[in-house]
Amino acid sequence: MKGKRIAILESRLGQELADLVARRGGVPVHAPALAEQPDLDPQAIAALVASLEQEPAKLFVFQTGVGTKALFAATDSLGLTENFLKLLSSSEVAVRGPKPTAALRARKVRIDRSAAEPFTTQEILESLGDVSLKGEKVVVQRHGSANLELDRALEARGAQVAEIPVYRWSLPADTKPLQDLIDALGRGEIDAVAVTNAEQIRNLLSIAGKNAEALKKNLSNTLVASIGPVASKALRDAGVSVALEASPPKLGALLSALDEALS
């Protein structure tokens, strides 16, 4: 990727990714396309814990590491962590990937079900295939937006799904870097775009507004690299061609695939 201009839409690990691109000789163009806003109501958490003590859940599903940590931070502040851990110990616990796994193990929570790579909704559902859910309560730790695919699949099996919102995705406060990126794509100045979250492409198209169709065309004429199946699906649903998808869905694999493709 030496000398190639690579757009990075990642926010939380954006600078780290930019540094890695630079070390490989690339020219990072960092345009954060996503912000995580706290969306956790401590009183709602307290009410949920109280309700679960009266009517326990059959299953808890943890989708993200940052959300799991935020949830425990809330129970810590409320003095309810011991109660919450007891609820988890008497229910089945499922995780979507290594990050929520690490967050739960830090709290010594037993994990019963784990999604296989690439850690999409499909894999978490497959891990729950033999769990009877009819008439049972299932608690889902929400990521940045409601996982309607997961909720509907669980409800179709007879579950009563309750989501715990802990953060939500939004546009970053400063959207000028995104607009500058859109302009640079229009001028053909970007060699590759690294997409590490499905919401990034939705936000980028939102910023483009009436020029969204032109942006899609410009993206499809650029090497678009996806972190994994979820991001790839969002890109294809938006009408953008995906040149490569990391396997496994990790930053290291994404960078290696980019390096190879641009060489």
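Looking only at residues in region 116-150 that are charged (D, E, K, R) and assigned to a loop (DSSP other than H, G, I, E, B), the one that is farthest from residue 51 (Cα to Cα) is 117. Please tell me if residue 189 is in a loop (DSSP other than H, G, I, E, B) and on the phi < 0 side of the Ramachandran plot. It is true that residue 189 is in a loop (DSSP other than H, G, I, E, B) and on the phi < 0 side of the Ramachandran plot. Suppose we keep only residues that are outside any loop (DSSP other than H, G, I, E, B) and at pLDDT 95 or above within region 24-45. Which one would you say is nearest to residue 130 (Cα to Cα)? Within region 24-45, the match that is nearest to residue 130 (Cα to Cα) is 30.
Scoring residue 238 on the criteria (1) more than 26 Å from residue 3 (Cβ to Cβ); (2) buried (at least 18 other Cβ atoms within 10 Å of the Cβ) leaves a single failure, condition (2). Give me a count of the residues in region 102-144 that are out of contact with any helix residue (DSSP H, G or I) (no Cβ under 7 Å at 6 or more places or on another chain) and among the small types (Gly, Ala, Ser). Residues that pass the stated criteria total 5. For region 151-180, the set of residues classified as assigned to a helix (DSSP H, G or I), touching a helix residue (DSSP H, G or I) at 6+ places or on another chain (Cβ under 8 Å) and either farther than 27 Å from residue 55 by Cα or at pLDDT below 95 (or both) consists of 178, 179, listed by residue number.
Selection of region 148-165 for residues being touching a residue at least 12 places away in the same chain (Cβ under 8 Å), out of contact with any Asp or Glu (no Cβ under 8 Å at 6 or more places or on another chain) and within 22 Å of residue 65 (Cα to Cα) yields 149, 150, 154, 162, 164.
The values are calculated or read from the model by the stated rules, or taken from the named source; none is laboratory data. Quick caveat: nothing in here was measured; it's all calculated off a predicted structure. FYI the Cβ positions are ideal-geometry reconstructions off the backbone, even for glycines, and counts take in every protein chain you see.
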